[in-house]
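The values are calculated or read from the model by the stated rules, or taken from the named source; none is laboratory data. Quick caveat, the model's predicted, so the values are computed rather than measured. Positions of Cβ are backbone-derived with ideal geometry, glycine not excepted, and every protein chain shown enters the neighbour counts. The area values use the complete protein model at the heavy-atom level, side chains included, leaving out ligands, DNA and RNA. Shrake-Rupley method; radii C 1.70, N 1.55, O 1.52, S 1.80 Å.
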Amino acid sequence: MDNKATVPEFQGMLESRGVSRRSFMKLCGTLAVMVGLGEAAAPRVAQALEESVIGASQGDLYPVIWIEGASCTGCTEAFAQIDAPDPASIVLEMISLNYSETLSAAAGWSMEEAKEQTIAAGNYILIYEGAVLNGWDGNALRIAGKTGNEHLIEAAEKANAVVALGSCAVNGGWMAAHPNPSNAQGVQQFLKAQGIETPVINIPGCPPNPEWLCAILVEVLLLNKLPELNAENKPAQIFGQTVHDNCQRRGHFENGEFVYQFGSPEEAKGYCLYPLGCRGPQTKANCGVVRYNHRRSWCIEAGAPCIGCCEANPENPGQNWVEVNAPFLKRHRDLRIGDFMVQPGTIALGLTGIVAAALVVHGFGMKAAGRVPQGAEFEKVRAWDAKHPDKSIGVYSKEDLDAASKKKGGNQ
C-alpha cells in the first residue's frame with residue numbers, strides 16, 4: 001500500500017475523532033518503548049498502525065475473542081471506558097472483536113455462534129479476563145450451558161496466543177486468596193494441566209493499564225511476533241523493573257524522607273510512602289512511566305502507596321497480590337497460622353514480653369534462693385561532696401555528713 005496515500009486518509013480518521021497528530025505520535029512513542037523498540041522507533045510504529053488501520057477499513061480485520069472468566073469486568077471497563085476520543089482507540093480499529101460478553105452488541109445464541117465460527121476459522125488472538133474456577137467440577141462458573149473451563153479450552157486450543165489480562169487471569173487474583181473455596185487459578189497453570197501448549201502472555205494488574213494491552217496488540221498483530229517474555233511469561237519491557245525504580249518519590253526515599261501518617265506535613269511535601277505500606281520496591285511494573293488516564297497520573301502520584309496489584313505468580317494461586325500484600329497500609333503482610341492471622345510486629349512484641357517476663361521471674365527466683373550476692377553498700381553522701389563540703393552538689397543532713405567524715409577518716 002502506498003504510504004503517501006495512507007497518511008492523509010489516516011490523519012482524517014484521527015481528526016474526525018478529535019485526536020491530533022502530535023497526540024497520536026506520543027502514543028506511538030509509548031508503545032514503541034513498551035515493546036522494546038525504543039522511543040526512536042515511534043515513526044515505524046506509526047506507519048505500521050496507519051497501514052494496518054487503513055487495511056482494516058478495507059475488511060482485513062484481525063479476529064479477537066475476549067472471554068470473561070470469574071471477574072469483576074474491571075479489566076474490560078478500564079480498557080473500554082474513555083472520557084474523550086483517545087489515540088489508543090485507533091489501535092482497536094485493526095482488530096475485529098468477534099466475541100465479548102461485555103462489549104459485543106449481540107447477545108445470546110448469535111454471539112456464541114460468532115465465537116464458534118471464529119474458533120473454527122482459526123488465526124485469532126484470545127484475551128481471557130478473570131480467574132479460572134475449578135470448584136465443583138468447574139460448575140462454579142457456567143456460561144451458555146457450558147462450564148467456564150470448557151469455553152477456555154475450546155478457545156485456547158486453536159488460538160495463535162492467549163493474553164491472560166489482569167491478575168485474576170494470571171494466577172487467580174483476589175479470588176484465589178485464602179480459603180479459595182472455588183479453587184481459582186490462572187490461565188497458564190490451567191492450560192498446562194490440560195496439555196494445551198498455546199503461548200500465554202501474562203499481563204497482571206488490577207486492573208492492568210489499557211496501554212499495556214495496546215502494546216501487546218501492536219507487537220503481535222503488526223510486528224508479527226510475541227513480545228519478549230520473562231520467566232513468568234510477562235512482557236519483559238513492561239514488567240522488568242520495579243515500581244520503585246521509576247517512582248517520582250524515589251529521591252525522598254534515598255534521602256530518608258518518609259511519610260508516617262496521612263495528613264502530615266511530610267505527606268504535603270510528597271515524601272516517600274514506604275512506611276505506609278508502599279509495595280513499590282517489590283512490585284515489577286512500569287506504572288510510573290506509562291501512568292493511567294491518558295498518562296495524567298498514577299497511584300503514587302495521586303497520594304496512595306502502591307498496593308502491589310501486579311504481583312502474581314502464574315504457577316501458584318496462593319501467591320496472589322491480595323494475600324501477599326494485605327493489609328495494604330502496613331509495612332508487613334499478615335502471617336497465617338491455621339485460620340489465625342497475625343502481624344510479624346505483633347509476634348516480635350509478644351516474644352519480647354515473654355523474654356522480659358522470664359527474666360523477671362528468674363531474678364525473683366535467684367533472690368529467693370539466696371543466690372544473689374550482696375551488692376555494694378549504698379552511698380548516702382557522694383564521695384566528692386564529702387571531700388569538698390564547701391562545694392557540695394547534694395544536700396545532706398548533718399548526721400549523714402558527720403558519718404561520711406568519720407568513715408573517710410577511718411579509711412585514711
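Descriptive notes on the structure:
- The accessible area of residue 175, taken with all protein chains in place and a 1.4 Å probe, comes to roughly 40 Å².
- Potential lengthening of the chain between residue 295 and residue 383 amounts to 24.2 nm, from the contour at 0.36 nm per residue minus the alpha-carbon distance.
- Applying a DSSP loop filter and a limit of 14 other Cβ atoms within 10 Å to the GluC sites (Glu not before Pro) in the stretch 147-251 leaves 197, 228.
- Straight-line cross-link reach from residue 146 at under 25 Å between alpha-carbon atoms covers these lysines, not counting any fewer than eight positions away in the same chain: 115, 158, 192.
- Heavy-atom accessible area per residue - the stretch 243-306, 1.4 Å, Å²: 51 Å²
- Of the solvent-accessible surface of the stretch 61-235, computed with a 1.4 Å probe and all protein chains present, 52% belongs to carbon and sulfur.
- In the context of the full set of protein chains, the stretch 61-235 has a per residue accessible area of 38 Å² (1.4 Å probe).
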